[in-house]
Amino acid sequence: MNSEPSARSLELKSRLQDFMDEHIYPAETAFNEHMATTDNIWAPPPLLTELKAKAKAAGLWNLFLPADHYEEGLSNVDYAPLAEVMGRVLWAPQVFNCNAPDTGNMEVLIKYGTEAQKKQWLEPLLAGEIRSAFAMTEPDVASSDATNVECSIVRDADEYVINGRKWFISGIKHEICEIMILMGKTDPDNANRHQQQSQILVPKDTPGVTVVRPLTTLGYHGAPLGEGEILFEDVRVPAENLILGEGRGFEIAQGRLGPGRIHHCMRLIGCAQRALELMSKRADQRTTFGQKLSKNQSVREDLAQSYCDVEQARLLTLMAAEKIDREGAKEARDLIAAIKIVTPSMAARVIDRAIQIHGAGGLTEDYFLAEAYNYARQIRFADGPDQVHMMSLGRSLVKQYAE
């Protein structure tokens, strides 16, 4: 196994770190102030628009592009450290056109889209001219089992008619979100439960699409991307909007989720690494009972354990990335499940320790910690909850070792 990034990846990482130091970290306060005072939190902040232009000019744009489809693309091992750097500021991936769910949607279109679909939707997404959403989770069923989805996709001549309700749809509230990829059932009576589902492109402005309300997680709205609940009532889209073919929804989902879980985990590792650095500085700056916090054994133990936790999760995620590159996501599924089990919980623990060392201030918007904790907690559900990954990994281990 060789999980060392290439010279090109290291060069991009250095340039990315310089960009973060020069443009992103100094803009955090201004970004937060804008979002707290603007009348429209779903509009792209002018600051973000300016930073996107600078990132494009610096050649730090669409860094997620897969090497197996683009000459300038990166392997998962090469992209992983870049995702970690971007993850240190929650909104930073948007600056580089590397944010979820857009990266996953673009990868779906790259891998499975028709030339017409790519022309209409992929090209403006790659240019950062529009945003997108991915609609799978439903409020009325346990969506941890994706075969439960009930949203119907019914063929009617040269159209498909969609009916159902979705929620926690990331990106849907963004003012320039124009397209979503929806997963629903085209063949609900198929004996193979994994061939009942299909994925289809649905423009946000299609008649019958109603964004019912925005949603928050632990009080955070995640603007300007946002999450929302959507109602689909007799929504008609052209038959050519179907992706890949009927019954292939799970195949598409697996093609997107392997790399996507690497991205999420590395961004969370970036959050945890930054939390570790902040609590180390805080421990050296604050004095209680006549000595620095860093002199206290319990504080040193928290720092040491956090360092070990971050390093272990990083190495495990790089192992998963390397196996995806070498053998594909299907063969790497055990490692993918493992990082999805380990990393969000790890990040939440490390960030929680950092909050504790920062005192009550750690809960406020003066630090990035509280919102980062929300992100870590949220990802314990996104792309499959912990329990599903543990069930899947446990089943695989029984097959491997029990006989």
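Here is how the numbers come out for the structure above:
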| quantity | calculated |
| --- | --- |
| Packing-based exposure ordering (other Cβ within 10 Å, fewest first) of Tyr70, Tyr25, Tyr112 | Tyr70, Tyr25, Tyr112 |
| Lysines whose Cα lies under 18 Å from that of Lys54, excluding same-chain neighbours fewer than 8 positions away | Lys13 |
| Mean projection area, nm², convex hull over Cα of the range 7-126 | 7.8 |
| Lys pairs, the range 250-401 - Cα-Cα below 16 angstrom, 8 or more residues apart or on other chains | 5 |
| Residues in the range 228-243 that a label on Asn163 would reach, taking backbone N under 17 Å of a point 7 Å out along Cα→Cβ | 231-237 |
| Cα gyration tensor category, rounded, prolate or oblate, for the range 81-183 with a/c compared to 1.5 | oblate |
| Along each principal axis, Cα extent of the range 276-401, largest first, Å | 57, 25, 25 |
| Extension reserve of the Gln400-Ala360 stretch, reckoned as 0.36 nm per residue once the Cα distance is removed | 9.7 nm |
| Among beta bridges that DSSP assigns inside the chain, antiparallel share in %, nearest 5 | 80 |
| Low-density loop positions, GluC sites (Glu not before Pro), the range 31-72 - DSSP coil, at most 13 other Cβ in 10 Å | Glu71, Glu72 |
| Candidate lysines - alpha carbon under 24 Å from Lys173, same-chain residues fewer than 8 apart omitted | Lys52, Lys118, Lys119, Lys204 |
| Note, ³J(HN,Hα) from phi for the range 318-334, Karplus 6.51, -1.76, 1.60, rounded to Hz, x at Gly and Pro | 5, 4, 5, 4, 5, 6, 4, 4, 7, 10, x, 5, 5, 6, 8, 4, 5 |
| Mean Cβ neighbour count within 10 Å, used as a protection proxy, ranking 378-384, 197-203 highest first | 197-203, 378-384 |
| Counting DSSP beta bridges with both ends in the range 131-246, the antiparallel % (nearest 5) | 85 |
| Angle in degrees between helix 386-401 and the longest Cα principal axis of the chain, rounded to the nearest 10 | 90 |
| Compactness of the chain - radius of gyration and Dmax, Cα, Å | 21.4, 79 |
| With 5 Å bins from 0: P(r) over the range 131-246, alpha-carbon pairs, percent | 2, 13, 23, 24, 19, 11, 5, 2, 0 |
| Cleavage-rule hits (chymotrypsin sites (Phe, Trp or Tyr not before Pro)) in the range 231-295: DSSP loop, at most 12 neighbouring Cβ within 10 angstrom | Phe289 |
| Helix 28-37 vs. the chain, principal-axis angle (Cα, 0 to 90°, nearest 10) | 60 |
| Max mean-square fluctuation residue, GNM over the chain, Cα-Cα springs under 10 Å, options Thr217, Thr38, Thr317 | Thr38 |
| Gap separating the Cα centres of the range 253-296 and the range 332-403, nearest whole Å | 13 |
| Cβ-Cβ FRET estimate between Met391 and Asp140, R0 fixed at 30 Å, reported to 0.05 | 0.85 |
| Residues of the range 1-38 with amide N under 14 Å of a point placed 7 Å along Cα→Cβ from Lys54 | 16-31 |
| Extension gain from Glu150 to Gln17, taking 0.36 nm per residue of separation minus the Cα-Cα distance | 43.5 nm |
| Acute angle (nearest 10 degrees) that the helix 249-285 long axis makes with the longest principal axis of the chain, alpha-carbon atoms | 20 |
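Just so you know, all these numbers are worked out from the coordinates, no wet-lab data involved. Keep in mind the model is a prediction, meaning the values are calculated, not measured. Glycine gets a Cβ as well: all are built from the backbone with ideal geometry, and neighbour counts include every protein chain shown.
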